[in-house]
Ligand code: GTP
Ligand code: MG
């Protein structure tokens, strides 16, 4: 059984869609294993997005993710890593389908409501980065 790291970004928290997003994953049959509302430090945000460190938008990305509280979560279930990515929708607003979280809530590539781990390796790394030993 898999675990993944999902995070409602500052725009999603501000827009008060935490409840809707949690509801979508609960209805799909996934189990919430841990959650916290927190403001990420610059250090954690940079480590989280380390794969994008050389991209032109990296500074903007870190500024945005630290600009207000995020809702960090760990979810468990069958194929939850890939299924959560499908439920989130595509990164590019022109590709995100209605019915997905981004397709329902986001029109910009930078403020796109939710993050989800993109592989088993990312999930393990991100869960330990954001939750450390808090989850057994
Ligand atoms: P995350 O779940 O947040 O990792 O999104 P993703 O996996 O769908 O996309 P990716 O990892 O490729 O990019 C990480 C984040 O960088 C995206 O969610 C966007 O918020 C941001 N991003 C990606 N491309 C651009 C861009 O061209 N401009 C800006 N400003 N932000 C971008
Ligand atoms: Mg990504």
- Given segment 1-52, what whole percent of its Cα pairs are spread farther than 12 Å? 73 percent
- Could you give P(r) for segment 1-104, binned at 10 Å from zero, as whole percent values over all Cα-Cα pairs? 14, 42, 39, 5
- Query: Most exposed first by the Cβ proxy, i.e. fewest other Cβ within 10 Å, how do 75, 130 rank?
  - Reply: 130, 75
- Query: Just 109, 81, 21 to compare: in a GNM of the chain, with alpha carbon springs under 10 Å, which one fluctuates most?
  - Reply: 109
- Query: Under a point spin-label approximation (7 Å from Cα along Cα-to-Cβ), what is the residue 32-residue 67 distance to one decimal in nm?
  - Reply: 2.5 nm
- Counting pairs of alpha carbon atoms under 8 Å apart in space and at least six apart in sequence, what relative contact order in percent does the chain give? 37 percent
- Task: Out of all DSSP beta bridges with both ends in the chain, state the antiparallel percent to the nearest 5.
- Result: 95 percent
- Sorted from fewest to most neighbouring beta carbons within 10 Å, what does the list 70, 17 look like? 17, 70
- Give the calculated FRET efficiency between residue 128 and residue 107 to the nearest 0.05, with a Förster radius of 25 Å applied to their Cβ-Cβ distance. 0.15
- Calculated from DSSP helices alone, with each H run of at least 4 adding -39500 (n - 2.57) and the total divided by the residues of the chain, [θ]222 nm to the nearest 500 comes to -11500 deg cm²/dmol
- Mind sorting 4, 100 by how few other Cβ atoms lie within 10 Å of their own Cβ, fewest first? 100, 4
- Taking R0 as 41 Å, what's the FRET efficiency between residue 120 and residue 16 from their Cβ-Cβ distance, rounded to 0.05? 0.80
- Stretchable slack from residue 76 to residue 47, in nm (0.36 nm times residue separation minus alpha-carbon distance): 8.1 nm
- Choice from 55, 36, 92 with maximal GNM fluctuation in the chain (Cα, 10 Å cutoff): 55
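Read-outs throughout are calculated quantities, based only on the coordinates presented, and are distinct from any laboratory measurement. All figures in this text were calculated on a predicted structure; none of them were measured in a lab. Note that each Cβ is placed from the backbone with ideal geometry, even for glycine, and that neighbours are counted across all protein chains shown.
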